[in-house]
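What follows is one structure encoded as C-alpha cells, with my remarks underneath.
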Amino acid sequence: MQRDDEALPADYRRNFTGGLIHGVFFQLSEAFSNINTVLPSFIATLTGSTVVIGLMVVAQEVGHVLPQMVTAYRVEDRPYEKPILMWIITMRWISWGLLAVVTAMFALDHANLVLILLVGLFAAFSLAGGVGSVVYADVFAKAIPTERRGRFIGWKQLIGYTLAIGAGWVIAWILSDSGGIGYPMNYALIFFLAAVFLLIAFVGIVIVREPPSTHERQTESLGESVRRAAHLTKVNKNFRRLLAARGLTSVLLMSAPFFVLFALNDVGVNQAAVGLYLAAQMTGAALSNLLWGWLGDRFGNRTVIIGTSVAGLGAALAALAALIAGPVPLYVTFFLVGATMSGLRLGYANIILEMAPDHLRATCVALLGTLLAPLALLPLAIGIAVTWVPLAAVLFLDVVAMAGAVVVSILLRDPRHGAEGVCIT
C-alpha cells in the first residue's frame, strides 16, 4: 500500500520546513512591530495626535492593496516568483533595522523627525507587503499541496502565535521600569528584534524550492486584466458576498489601533500594559487557531469566516463595555481581536484559493484586496473623528459592522460543497 507521503512532491518536506520557518518568524516579527499595540504606544511618546495613528493604518492598508492588481498582471506568466519575495522581505527587515537606529539616535531630541521617518518607512514596508501578499499566495500554493495546506497554515500560525504570546511578555518587560531600559532605547530594542526575526524569516524563503508555473498569460494588457477582474466581480455573487464580509470585518480591525490610545489616555494604564494587551491578542490568535483549523478541515472555510465574524462582534462589544467597566474588558477585546485576525488569515486566505481556478488565483487574491481600497481611508477618518466625538460612537460603528459581517458570512456558499461557490469567468 502506498503511503500518503510517497504521493507528495519530492520537495514537500523541504518546502514545509522552509515555509514554516518563514511564517513563524514573520509572525514573531509582526508581534514586535504590532500596529494595534506597539506602534500606537510608540507614537504616543512622540505626539499626542490621533491623526498620526490614522495615517499609519492608512499607509498599511493603501500600501497593501495599491500594487496588488499590477502585481497579479506582472507575475501572471512568470515561471518563478520567489526572487521577488526575497527582495521584498530584504527591504522590510532593513526598514525595521533602520528605524531602530533612528529611534535610538533621535527620538529624544527630534521626535518630529522620527515620526516622519516612521510613517515613511512604514509606508514603504506596507507597499512591499502589498506586492508580497500576491506573490506569497502563489508561491506557497505551488510549494504546498492542497491536501497539506490546512496543516501547514495551522502549524505556522499555532507556533508563530505561541511565540508571539511570549513576545508580549518580553515587550511588557522592556517597557516596564523593572526592565531597566530607558526611553528611547526600549523601543529601539523592540524594533531591532523585529528586524532580526524578519531576517530569520528570509532564511526560510531561501530554503523553499518553488515549482515552476505552467499556466500561460490570460490577458494581453493591464487594462484587460482590470476589465476581466471587473467581470469576475459582476458574475460571481459568492465572491461579492466574500468581499462584503471581509470589508465589514475591516471596520473593526482598522479601529483596533485606537484601543491602545484609549487605554493609555482615558483608562490610565501604563506603557507596560501594552505588552500585556499584545499577549492577550496573541493568546486569542493561538488558541482560536486550533478551532479555526479544525472547523476549516471538518466543515469548510465558510464556517471559519462565520466564526471570525462572531469573534469580531464579541471584540467590539467588549470594547464598548470597557467605556463603563474600565481596563479589564479590553483584555477580552484584544483576545477576540487576535481570534478575528487569526480566523481572517486562515479562513479568507484558504477560501479564495478554493474559489479560484489556477489561472485566476493571483487575480482573485489581488481583486479581493483592491476592491477594499476605499476602506483604507477609514482609519484617518477615525483619527480625526475621535478628536471631536466620543470613542463610544466609533465602537458602536464597530458593533454594527460586525453584526453585518455575521449576517453576510452566513449567506456565503462554500466552494468545497458546491459549484455555486466557485468563481467562473
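The values are calculated or read from the model by the stated rules, or taken from the named source; none is laboratory data. As the structure is a computational prediction, the values presented were derived from the model and not from experiment. Backbone-built Cβ (ideal geometry, glycine too); neighbour counts: all protein chains shown.
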_Single unsatisfied condition, residue 282 versus (1) crowded, with 24+ Cβ neighbours inside 10 Å; (2) on the phi > 0 side of the Ramachandran plot_ = (2)
*Taking the stated definitions as given, is residue 104 of a type outside the set (S, T, N, Q), touching a residue at least 60 places away in the same chain (Cβ under 8 Å), surrounded by fewer than 19 Cβ atoms within 10 Å (Cβ to Cβ) and assigned to a helix (DSSP H, G or I)?*
yes
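Kindly indicate whether residue 300 is surrounded by fewer than 24 Cβ atoms within 10 Å (Cβ to Cβ) and at positive phi.
Taking the combined requirement at face value, the residue satisfies it.
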_Some residue of region 397-412 being within 18 Å of residue 239 (Cβ to Cβ), outside any helix (DSSP H, G or I) and either aromatic (Phe, Trp, Tyr) or modelled with pLDDT of 75 or more (or both)_ = yes
_So, restricting to helices (runs of 4 or more DSSP H) that lie completely within region 185-292, which ones have at least 2 residues that are modelled with pLDDT of 90 or more and of a type in the set (Phe, Trp, Tyr)?_
185-207
*Filter pass, residue 376 being hydrophobic (A, V, I, L, M, F, W, C) and at pLDDT 85 or above*: no
*Does region 314-351 hold any residues that are under 13 Å from residue 245 (Cβ atoms) and crowded, with 23+ Cβ neighbours inside 10 Å, and which are they?*
340, 343, 347, 351
*Could you tell me which residue of region 113-128 is farthest from residue 59 (Cα to Cα), considering only residues that are out of contact with any Leu (no Cβ under 8 Å at 6 or more places or on another chain), touching a residue at least 12 places away in the same chain (Cβ under 8 Å) and surrounded by fewer than 19 Cβ atoms within 10 Å (Cβ to Cβ)?*
124
_Just to verify a result, which residue in region 67-121, among those that are of a type in the set (D, E, K, R) and more than 26 Å from residue 373 (Cβ to Cβ), is modelled with the lowest pLDDT?_
82
*Flag if residue 55 is touching a helix residue (DSSP H, G or I) at 6+ places or on another chain (Cβ under 9 Å), at pLDDT below 85 and in a helix (DSSP H, G or I)*: yes
*Residue check: is residue 415 modelled with pLDDT under 80 and either crowded, with 17+ Cβ neighbours inside 10 Å or aromatic (Phe, Trp, Tyr) (or both)?*
yes
_Pairs with Cβ under 6 Å, 6+ apart, first in region 335-357 and touching a residue at least 40 places away in the same chain (Cβ under 8 Å), second assigned to a loop (DSSP other than H, G, I, E, B) and of a type outside the set (Lys, Arg)_ = 337/256; 355/422; 355/423; 356/423
*Look at region 303-313 and say how many of its residues are surrounded by fewer than 24 Cβ atoms within 10 Å (Cβ to Cβ), closer than 17 Å to residue 153 by Cα and under 18 Å from the mean Cα position of the chain (by Cα).*
0
_Return the residues of region 107-120 that are more than 25 Å from the chain's Cα centre (by Cα) and either of a type in the set (Gly, Ala, Ser) or part of a helix (DSSP H, G or I) (or both); say none if nothing qualifies._
107, 111, 112, 113
*asked:* One residue is enough: does region 154-176 have a residue meeting the conditions over 17 Å from the mean Cα position of the chain (by Cα), part of a helix (DSSP H, G or I) and among the basic types (Lys, Arg)?
replied: no
*asked:* If I filter region 89-101 down to residues being under 25 Å from the mean Cα position of the chain (by Cα), of a type in the set (Val, Ile, Thr) and surrounded by fewer than 19 Cβ atoms within 10 Å (Cβ to Cβ), which single residue comes out as farthest from residue 202 (Cα to Cα)?
replied: 94
